[in-house]
Amino acid sequence: MLSSTWRSRTTRGVLVIGAAASLVLSGCSDKSSDGGGGGNTDLSIQPVVQLDTEGKAVAQTDAGAAADPAGDGKAKCAPTSIAMAGPLTGGNAALGINITMGVKLALDKHNKANPDCQVSLKEFDTEGKPQNASQKIPTIVADPSIVGLIGPTFSGETKATGQILSEAGMPTLTASATNPTLTQNGWKTFFRGLGNDNSQGPAVANYLTKEKGFKKICVVQDNTDYGAGLAQAFLTAAGGAADPSCAANVKEGDKDFSATVSKLSAAKPDAIFYAGYYAEAAPFVQQLRSGGVTATFVSADGSNDPEFVRQAGSSSKDALLSCPCSPAPEKFAAEYTAFNGQAPGVYSVEGYDLATILLKGIDSGKVTRADLVEYVRTYTGTGVAREYKWGETGELANIQIWMYEVK
C-alpha cells in the first residue's frame, strides 16, 4: 500500500505520486464547474494499493525492466500495419482513445528507431457497440496488410466478433475487455492483456468487506455484458455483505436515476457498488449526492477514467475505483503526455504494452497472422504494467487488481 507520507504534486494536469512510487495514475486532476457536479472541484484519481484476488496488498511490477518497442533498431520488414477497434466517438470514447494513444506511442518509438521496418496503425471506430463492431471487424480481417488487432475494447463487441477474428486467424489482443466468458468460447487467437472480472470482482469485494469493513453493500449493474459479468463476480465474493433487497438494475444510456436513488436512500448502505461505464456512473453519483445518499460510491474499470471526474464534478470525491489495469509510471506518463498532449488514462499502459508485444514479434520476423498468434501464445516478458504470459485460453498467468480513490 502507498504510504500516507508520500508526497504528491499536480503537474500539467497529471497527479504524480512521490519518487518512491513513481506512479502516475490512470486518471488526472480535473476542474469542473457543471451545476450537477456541485461546483468547482480539483480532484484526481489516485492509486491506493495493488491487490490479489483475496483483496490483499501485493508488490507492483518494476517498470524499469519493461520491453522497449524500439528494440535494437535493426529490424527489417515490408511496410505492414496493425489495427485498433473500439470506441473513438460516443459516450465512452475516452476508453478507446486512451488505448489508441498508448498504441501510437509504441509505434512512434518503434518506427523512429527502425527505418527499415515501418508499422502503421489503422483505426476503426465502433463506439463500443456490438452491432458497429460486427460491421467493422470484417473489414479488418479482409485487409491483408493488417497482421494484428489491439481490441476490441468492450466485452459486448468482443463477444459479437471473437469468432470471426478467430476463424480469420487474426491475433486479437484486448487491453480492456474483461467479461470472464470471453476466453471460454474456444477462440484460438484471443489474448486478454489484463485480469478479467472473475478476478476484479472478488478482489474489490474482499477489499471492501475485509479491509474497509463495510457490512452492507448495494449492487447496481447496467445491462451490458461487462456490467452483468462484473456484478455477478462481485456478488459471489461479497456474500452476505451484498444486500439483495437494495440491488438495482439500470440501462446503458440512462440519465434519470431517481427511482434507484430513492431505493438506495431508504436502504442506507455503507457502500454502493456500480458495475457499468462512466457515461452513466457520473450522473448516477451526482444524483445520489443530490438525493442525500452519502454511502461510499465504488465502481470499476468502466468508470475509472478522468471523464468520470470531469462529468461528476465534486460528487465524485472519495469514490473508490478498481481496475485490472495499472497506473502509469512517471517516465512513461511523461513520454505519453509529450507525445499525445494529454495524460495517460485507463488502459493507456495496456495499449502500449500489447502494441509493443506485436512489434517485437514483427521485428523477430513473425510477419504473418499465424506466426504472430504463435509468437504471442508463447511470449513471456515484462511490460510497463505487468508480466505478460498467457495460458491456453488466452488468460494471463499472473493477475493483480489496482484500487484507486478520487481525491
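The values are calculated or read from the model by the stated rules, or taken from the named source; none is laboratory data. Since we're looking at a predicted model, the values are computed, not measured. Positions of Cβ are generated from backbone atoms using ideal geometry, with glycine treated the same way; all protein chains shown enter the neighbour counts. When the accessible area is computed, the model is the full protein with side chains, heavy atoms only, and any ligands, DNA or RNA have been set aside. Shrake-Rupley method; radii C 1.70, N 1.55, O 1.52, S 1.80 Å.
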Counting only residues in segment 359-378 that are more than 24 Å from the chain's Cα centre (by Cα) and of a type in the set (A, V, I, L, M, F, W, C), the one farthest from Pro79 (Cα to Cα) is identified as Ala370
Among the residues of segment 135-148, is any within 16 Å of the chain's Cα centre (by Cα), of a type outside the set (Asp, Glu), at pLDDT 95 or above and closer than 18 Å to Asn92 by Cβ? no
Every listed condition ((1) open to solvent by 10 Å² or more (accessible area, probe 1.4 Å); (2) of a type outside the set (Lys, Arg); (3) within 25 Å of Thr296 (Cβ to Cβ)) holds for Ile401 save (1)
If we keep only residues of segment 131-157 that are out of contact with any Ser or Thr (no Cβ under 8 Å at 6 or more places or on another chain) and part of a helix (DSSP H, G or I), then the residue surrounded by the fewest Cβ atoms within 10 Å (Cβ to Cβ) is Ala142
The lone condition Thr53 fails out of (1) polar (S, T, N, Q); (2) modelled with pLDDT under 95; (3) assigned to a strand (DSSP E or B) is (3)
For segment 353-376 the number of residues that are open to solvent by 40 Å² or more (accessible area, probe 1.4 Å), over 14 Å from Cys117 (Cβ atoms) and in contact with a Lys or Arg (Cβ under 9 Å, 6 or more places away or on another chain) is 2
Log entry, pairs with first residue in segment 171-192 being free of Cβ contacts under 8 Å to residues at least 12 places away in the same chain and over 17 Å from Gly128 (Cβ atoms), second being open to solvent by 30 Å² or more (accessible area, probe 1.4 Å) and part of a strand (DSSP E or B), beta carbons closer than 9 Å, six or more apart or on different chains, reads none
Checked segment 316-340 for anything more than 18 Å from the chain's Cα centre (by Cα) and open to solvent by less than 10 Å² (accessible area, probe 1.4 Å); matches are Ser316
Of (1) aliphatic (A, V, I, L, M); (2) more than 24 Å from Pro87 (Cα to Cα); (3) surrounded by 24 or more Cβ atoms within 10 Å (Cβ to Cβ), Ala300 satisfies every one except (2)
Does at least one position in segment 93-113 carry a residue that is part of a loop (DSSP other than H, G, I, E, B), touching a residue at least 24 places away in the same chain (Cβ under 8 Å) and in contact with a helix residue (DSSP H, G or I) (Cβ under 7 Å, 6 or more places away or on another chain)?
no
Flagged in segment 291-333 as under 19 Å from Val204 (Cα atoms) and among the charged types (D, E, K, R), in numbering order, are Asp301, Asp305, Lys317, Asp318
The one condition Cys117 fails out of (1) farther than 14 Å from Met84 by Cα; (2) assigned to a helix (DSSP H, G or I); (3) open to solvent by less than 10 Å² (accessible area, probe 1.4 Å) is (2)
